[in-house]
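Here the structure comes first, spelled out in C-alpha cells, and everything after it is commentary.
The values are calculated or read from the model by the stated rules, or taken from the named source; none is laboratory data. It should be emphasised that the depicted structure is a prediction, and the values quoted were computed from it without experimental measurement. In this analysis, Cβ positions are derived from the backbone assuming ideal geometry, glycine residues included, and neighbour counts consider all displayed protein chains. For accessibility, only protein heavy atoms count, side chains too; no ligands or nucleic acids. Shrake-Rupley method; radii C 1.70, N 1.55, O 1.52, S 1.80 Å.
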Amino acid sequence: MKKENQLKNIDEMDNKLSLILDIIDRESNQDGIIINHNKYLEILCLLDDIVELWKHIKIKTEITEKIYISLVIINEDIIKINKKYYDDPYI
C-alpha cells in the first residue's frame, strides 16, 4: 500500500480512537463500565474498524505508537471489565 494511503488510514484510525475515548469518557461509570450497552457495542465496532485498518499499515509513526498503546490500555482496562459485566448472565 502506498505511503499516502497508509497515512490516510492512520488518520482514520486516530479519528476512530478519538471517538472511542470520547464514548468512554461520557458513558462509563467510576468502575469503567459503559452504562449504555449500545455505546459499548459501538466501541467494539470502532475497535474492529481500527484493527482492519491496522492490517494495511506498514509504517511506524508517533500516531501509530499512540494508537497501539491506547488500544492495549482500552483492552486491558475497559473491554475486559465490560466483557465480564455484559457477558455475566447473573447481572
Inset, instruction - Output yes when any residue across segment 58-66 is surrounded by 10 or more Cβ atoms within 10 Å (Cβ to Cβ) and among the aliphatic types (A, V, I, L, M), and no when none is. - result: yes
Inset, instruction - Please work out which one of (1) surrounded by 13 or more Cβ atoms within 10 Å (Cβ to Cβ); (2) in contact (Cβ under 8 Å) with a residue 24 or more places away in the chain is the condition Met1 fails and give its number. - result: (1)
Inset, instruction - Please determine, by comparing only the residues of segment 67-91 that are closer than 15 Å to Ile35 by Cβ and open to solvent by less than 80 Å² (accessible area, probe 1.4 Å), which one is modelled with the lowest pLDDT. - result: Tyr86
Inset, instruction - Considering every residue within segment 53-61, establish whether at least one is part of a helix (DSSP H, G or I), over 19 Å from Lys8 (Cβ atoms) and in contact with a helix residue (DSSP H, G or I) (Cβ under 6 Å, 6 or more places away or on another chain). - result: no
Inset, instruction - Please tell me if Asp25 is open to solvent by less than 90 Å² (accessible area, probe 1.4 Å), of a type in the set (D, E, K, R) and outside any loop (DSSP other than H, G, I, E, B). - result: no
Inset, instruction - Give the residue, chosen from Asn15, Asn82, Asn29, that is out of contact with any strand residue (DSSP E or B) (no Cβ under 6 Å at 6 or more places or on another chain), more than 23 Å from Met1 (Cβ to Cβ) and of a type in the set (S, T, N, Q). - result: Asn29
Legend entry - First in segment 42-61 and of a type in the set (A, V, I, L, M), second anywhere and loosely packed, with under 11 Cβ neighbours inside 10 Å and part of a helix (DSSP H, G or I), Cβ under 8 Å, 6 or more apart: Ile59/Lys3
Legend entry - Matching entry among Leu41, Leu17 (being modelled with pLDDT of 95 or more and of a type outside the set (Phe, Trp, Tyr)): Leu17
